[in-house]
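Worksheet: one structure, shown below.
The values are calculated or read from the model by the stated rules, or taken from the named source; none is laboratory data. Note that the structure is predicted; figures quoted are calculated from it, not measured. When we count neighbours, we look across all protein chains shown, and the Cβ atoms used for this are built from the backbone with ideal geometry, even at glycine.
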Amino acid sequence: MKPLQSLFISFLILCTIKVNAQENYYSVSGIIKDNITRKPLEYVTISVTNYNIGTVSNADGEFNLKIPKSLNNAVVEFSHLGYRSFKQPVKGENINNLEILLTPYTVLLKELTVYGGDARNIVQEAVKKIPKNYCSSMSQLTGFYRETVQKRRNYINISEAIVDLYKTPYSEHSDFDRLQILKGRKLLSQKTSDTLSVKLLGGPNLSIIMDIVKNPDILLDSETLTYFSFSLENITQINDRDQYVITFKPQVIMSYPLYIGTFYIDRESLSFTRAEFQYDMRDRNKVSDMILKRKPIGLRFSPEEVSFVVSYQQRGDVSYLSYIRSNLKFSCDWKKRLFSTNYEVVSEMVITDINTQNVTPISRKEAFSSNQILNDKLMDFYDEDFWGDYNIIEPTESLEMAVSKLKRKQ
């Protein structure tokens, strides 16, 4: 397991406005809930069956999927960890306020035959099958990236962008994978006290760095696997496919922090469908050394949580990166001050389109690099049609309120 490089998180803010239907697409929008509890379901994968078009629901369970009008007889599929998938036919017209109810999936582990009989064996076999289970050609992914920064309970920065992500085959390392900012918007808190300049792990290139299948150095190379103990906990479903639920935790002590987490591995294909993991916080000094590369003199920094979610979606016989999220919680205070201030930085990206035909690599000159500031790539103004026919993650109610509040202070 190699220490991860750090990327500059620029603390920005950008508002998202719901767009109106345009001539070249129609939209399907609504809310997704648990069929039993009626509670909203966050981060549900929403896609058009047999097409590389999709998004995810927000933390309030709300979604808005834009579909080209050329697909006037499509099927929208809703899938979520631990639930049976649901398919909704659409016929080329706007559908608003749709309520989707997903039914939980449960199965007892003893009812199924376990492959290999051992959790570590399952993980090792899944690693061996990576070249077969993931895209073997160059691909271009279009994604929506959002980054929010909260100071205590108040949003102080939000940034959003449409990005293109160039990926080499999964049989190769990510050294030549690159990301390009296509368009984006920001909104900034104007308070001087809200300015915090630190260098942390994160930014749009998170989708390159934390693609654990493409970068086995993080968790999945043969040496790193020996650092962890594994346990087969259960069987669940994602997209109507049975998944092994395998937890892992450190069994050795290293000079840098290790992870605690869960793998979801497709029972039939043995592909990694999802990974949820976080740094072991028992030694916070190690975590600080890993994620913090620069801070102002006199500023004391204390990490509280550093967690990640990475998910993949099977399209045909191979899987592609689908969604990635990082959550950084930390506190900062100056040596002369009595109380510290809590911050939370959430970065997330959803892949909204995939292209594997006539793919052109992103040049180094056009690529977003770790020494660039995202702020410089984004626009300060916005309008109702800013995103056009691009799919995005709908803003939550709290985010919309924060945007309105910040706009009034401009």
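Scoring Lys249 on the criteria (1) within 18 Å of Ile122 (Cβ to Cβ); (2) out of contact with any Gly (no Cβ under 9 Å at 6 or more places or on another chain); (3) surrounded by fewer than 22 Cβ atoms within 10 Å (Cβ to Cβ) leaves a single failure, condition (2). Among the residues of segment 216-259, just one is more than 24 Å from Gln313 (Cβ to Cβ) and under 21 Å from the mean Cα position of the chain (by Cα), namely Leu258. The number of residues in segment 142-192 that are closer than 17 Å to Ile392 by Cβ and of a type in the set (D, E, K, R) comes to 7.
Here Ile36 does not qualify as at pLDDT 95 or above and in a strand (DSSP E or B).
Where residues in segment 328-380 are part of a loop (DSSP other than H, G, I, E, B) and of a type in the set (Phe, Trp, Tyr), which of them is surrounded by the fewest Cβ atoms within 10 Å (Cβ to Cβ)?
Just the residues of segment 328-380 that are part of a loop (DSSP other than H, G, I, E, B), to begin with: 335-340, 356-373, 378, 380.
Now drop any that are not of a type in the set (Phe, Trp, Tyr), which leaves 339, 368.
Working: Phe339: 6, Phe368: 22.
Among residues in segment 328-380 that are part of a loop (DSSP other than H, G, I, E, B) and of a type in the set (Phe, Trp, Tyr), the one surrounded by the fewest Cβ atoms within 10 Å (Cβ to Cβ) is Phe339.
Among the criteria (1) touching a residue at least 24 places away in the same chain (Cβ under 8 Å); (2) over 20 Å from Thr273 (Cα atoms), the one Val123 does not fulfil is (2). Residue pairs whose Cβ atoms lie under 6 Å apart, sitting 6 or more positions apart in sequence or on different chains, and linking a residue in segment 136-160 that is surrounded by fewer than 22 Cβ atoms within 10 Å (Cβ to Cβ) to a partner that is assigned to a loop (DSSP other than H, G, I, E, B) and among the hydrophobic types (A, V, I, L, M, F, W, C), are Met138/Val359; Gln140/Val359.
If the condition is being farther than 18 Å from Ser231 by Cβ, crowded, with 18+ Cβ neighbours inside 10 Å and not acidic (Asp, Glu), then segment 255-271 contributes Pro257, Ser271. Residue-level analysis places Tyr279 among those that are farther than 27 Å from Lys66 by Cβ, surrounded by 20 or more Cβ atoms within 10 Å (Cβ to Cβ), of a type in the set (Ser, Thr, Tyr) and touching a residue at least 12 places away in the same chain (Cβ under 8 Å). Selection over segment 56-87 of residues that are among the polar types (S, T, N, Q) and in contact with an Asp or Glu (Cβ under 8 Å, 6 or more places away or on another chain) gives a count of 5. Residues considered: Leu406, Leu399, Leu321. Of these, the only one that is within 30 Å of Val287 (Cβ to Cβ) and assigned to a helix (DSSP H, G or I) is Leu399.
Within segment 380-397, does at least one residue satisfy the condition of being within 26 Å of Leu141 (Cβ to Cβ), at pLDDT 75 or above and touching a helix residue (DSSP H, G or I) at 6+ places or on another chain (Cβ under 8 Å)? There is at least one residue in segment 380-397 that is within 26 Å of Leu141 (Cβ to Cβ), at pLDDT 75 or above and touching a helix residue (DSSP H, G or I) at 6+ places or on another chain (Cβ under 8 Å). A single member of Pro296, Pro204 is part of a loop (DSSP other than H, G, I, E, B), in the same structural domain as Tyr166 (by TED's automatic domain parsing) and either surrounded by fewer than 21 Cβ atoms within 10 Å (Cβ to Cβ) or basic (Lys, Arg) (or both), and it is Pro296.
Taking the options Glu93, Glu77, name whichever one is outside the structural domain of Thr341 (by TED's automatic domain parsing) and at pLDDT below 95.
Just a single option satisfies the conditions, and that option is Glu93.
In summary, no strands (runs of 3 or more DSSP E) completely within segment 225-273 bear 2 or more residues that are modelled with pLDDT of 95 or more and on the phi > 0 side of the Ramachandran plot. Inspect segment 315-325 for any residue being within 19 Å of the chain's Cα centre (by Cα), of a type in the set (Lys, Arg) and surrounded by 17 or more Cβ atoms within 10 Å (Cβ to Cβ) and give the result as yes or no. Looking for residues that are within 19 Å of the chain's Cα centre (by Cα), of a type in the set (Lys, Arg) and surrounded by 17 or more Cβ atoms within 10 Å (Cβ to Cβ), one finds at least one in segment 315-325, hence yes.
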